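Below is one structure; the comments refer to it alone.
The values are calculated or read from the model by the stated rules, or taken from the named source; none is laboratory data. The model shown is predicted, which means the values in this text are computed figures rather than measured ones. FYI the Cβ positions are ideal-geometry reconstructions off the backbone, even for glycines, and counts take in every protein chain you see. Each accessible area value is taken on the protein alone, full model and side chains, heavy atoms only, with ligands, DNA and RNA left out. Shrake-Rupley method; radii C 1.70, N 1.55, O 1.52, S 1.80 Å.
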Amino acid sequence: MKVSLFEKIGYGIGDLACNLIFSTATSYLMYYYTDIALIPSSSIATLFLIARVWDAINDPIMGIIVDKTNTRFGKFRPYILFGSFILALFAFLLFTVPVDANNSSKLIYVYITYIGFGMSYTLVNIPYSALTSAMSDDTVERTKITTVRMIFAVLSGFAVSQVWNLVKLFDTPVIGYRYTNAVIGIVSIILFAICFFTTKEIVVIKSTNKKFFIKEEFKAITQNTPLIIITVVFMLILIAGFVIFGVNIYFFKYNLKREDLIPTALMLNTISTALGMLTVPYITKLLGKKKAGVITLFLFGLFNLLFFVNYKTINSINLYFIIIVIAGIFNSYTWSLGWSMIPDTIEYAEYKVGFRAEGLIYSMYSFGQKMGIALAGLISGVALDFIGYKANNLEQTQFSLDGIAFLRGGIPFILCILAIIIISFYPLNEKRYEQISRELKTRKNNI
């Protein structure tokens with residue numbers, strides 16, 4: 001089932017909205033908490049972990065709610081339009097910590113706003129992501145939809161890379177982060193509205209009156225080996241990616257003493273990842289999704305390891321930027337392949353258990369996504385505390401500087417190797433998917 005370029009772009013604009021908010025939070029929030037709000041890094045690490053424990057409950061509930069939804073606007077699209085206002089509000093509140101309050105008051109505030117942000121992101125992102133499976137039932141077409149989506153997600157990096165400069169325009173960072181994120185929230189609402197009005201739900205099977213027990217519904221996850229593997233792999237990729245994003249600021253500010261280069265580094269990563277996205281459909285068609293994933297995961301991890309090696313040997317600024325560009329190209333595959341493979345696991349679940357569960361399956365994937373981000377924050381927070389990092393102290397110890405560099409390059413390499421080992425067990429190749437797809441069509445024709 002073909003999807004027009006116009007509709008693909010409209011759908012992609014939705015991920016531009018998601019990532020304006022999401023990438024700003026993941027790129028700057030850890031730094032904002034530690035260096036602007038002056039909250040201990042160990043306390044932030046605990047916050048990230050507790051928030052994900054709640055997501056383990058909240059995300060599946062949202063997935064089931066989505067699966068039970070029927071409206072004149074469709075199953076998924078209403079959440080994108082109306083949920084965007086709540087998401088934008090909490091994205092703004094993230095960066096309005098009362099910095100002059102005592103530490104206990106600040107922690108109460110960040111717990112409420114950060115957990116609220118996670119829930120509002122779930123409210124929008126699970127239906128938005130599940131919309132891919134409703135736009136087409138063709139796996140190649142879904143890869144193209146996902147590629148366009150990922151291009152727009154990456155393009156958000158152009159705006160996110162300038163947040164640092166925009167904050168500098170205000171009298172204080174406290175005011176700068178507050179008003180910059182207010183603007184980002186308003187823009188995201190407009191972009192979500194465009195996504196809502198330009199997309200259609202074609203493949204969605206409306207919820208029936210048939211009652212399923214929770215145990216039966218969760219078989220769509222527990223008996224879905226491809227979903228479990230892809231979720232774990234994507235979680236590892238996200239841990240690697242967001243450790244990199246989060247530590248970049250510390251590395252350029254303290255190791256290189258060149259915080260002026262932070263926007264440039266983010267911009268180069270954005271451009272290279274966007275260019276890499278253009279080749280994803282062709283390479284995956286040539287190699288298959290699984291093989292393309294293994295190769296690009298290894299290369300992405302390797303070039304990030306070279307980032308650490310460069311710091312310990314040559315320490316060249318130009319080489320840093322070359323590594324960022326090449327790693328960004330391979331990063332486009334590691335980010336997009338999971339999103340293009342997850343719709344296939346919906347058909348696999350339908351084949352195994354007899355009913356579609358898009359919302360529940362995407363809630364599992366969303367939880368893996370947020371767990372990856374939380375673990376990235378947990379690893380970064382604990383590591384910064386362990387290496388003796390001191391906020392706003394330009395003269396960090398050598399042990400601290402080496403630790404920051406290893407976080408930036410060594411940890412991502414280790415995580416990519418783990419992801420390669422796990423994805424090697426992925427059972428749903430292109431041939432197997434076609435068999436399942438034919439079987440499902442036969443079942444529907446016999447009803």
### Some residue of the range 307-322 being in contact (Cβ under 8 Å) with a residue 24 or more places away in the chain and buried (at least 24 other Cβ atoms within 10 Å of the Cβ)
no
Counting only helices (runs of 4 or more DSSP H) entirely within the range 1-119, those with at least 3 residues that are surrounded by 16 or more Cβ atoms within 10 Å (Cβ to Cβ) and at pLDDT below 90 are 5-31, 41-67
Inside the range 421-436, the number of residues satisfying the requirement of being open to solvent by 30 Å² or more (accessible area, probe 1.4 Å) and at pLDDT 90 or above is 4
If we keep only residues of the range 389-405 that are surrounded by fewer than 18 Cβ atoms within 10 Å (Cβ to Cβ) and at pLDDT 90 or above, then the residue nearest to THR139 (Cα to Cα) is ASP402
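Results for (1) hydrophobic (A, V, I, L, M, F, W, C); (2) open to solvent by less than 10 Å² (accessible area, probe 1.4 Å), shown as yes or no for each residue.
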{"position": "LEU123", "(1), (2)": "yes, no"}
{"position": "SER133", "(1), (2)": "no, yes"}
{"position": "SER136", "(1), (2)": "no, yes"}
{"position": "ARG142", "(1), (2)": "no, yes"}
{"position": "ILE145", "(1), (2)": "yes, yes"}
{"position": "ALA153", "(1), (2)": "yes, no"}
{"position": "PHE170", "(1), (2)": "yes, no"}
{"position": "VAL183", "(1), (2)": "yes, no"}
Residue pairs within 7 Å by beta carbon, gap of at least six or interchain, first lying in the range 369-396 and among the polar types (S, T, N, Q), second open to solvent by 60 Å² or more (accessible area, probe 1.4 Å), listed first then second, are GLN396/LYS390
| query | Mind checking whether some residue in the range 364-378 is surrounded by fewer than 22 Cβ atoms within 10 Å (Cβ to Cβ), closer than 20 Å to ILE36 by Cα and among the aliphatic types (A, V, I, L, M)? | reply | yes
Over the range 291-304, the set of residues crowded, with 21+ Cβ neighbours inside 10 Å and out of contact with any Leu (no Cβ under 7 Å at 6 or more places or on another chain) is THR296, LEU297, PHE300, GLY301, PHE303, ASN304
Any residue in the range 272-280 that is over 30 Å from GLU434 (Cβ atoms) and hydrophobic (A, V, I, L, M, F, W, C)?
yes
Per the filter on the range 386-442, residues assigned to a helix (DSSP H, G or I), within 27 Å of PRO173 (Cβ to Cβ), polar (S, T, N, Q) and touching a helix residue (DSSP H, G or I) at 6+ places or on another chain (Cβ under 7 Å) are none
Q. Before we move on, is TYR254 over 19 Å from the mean Cα position of the chain (by Cα), in contact (Cβ under 8 Å) with a residue 12 or more places away in the chain, crowded, with 23+ Cβ neighbours inside 10 Å and over 30 Å from GLU430 (Cβ atoms)?
A. no
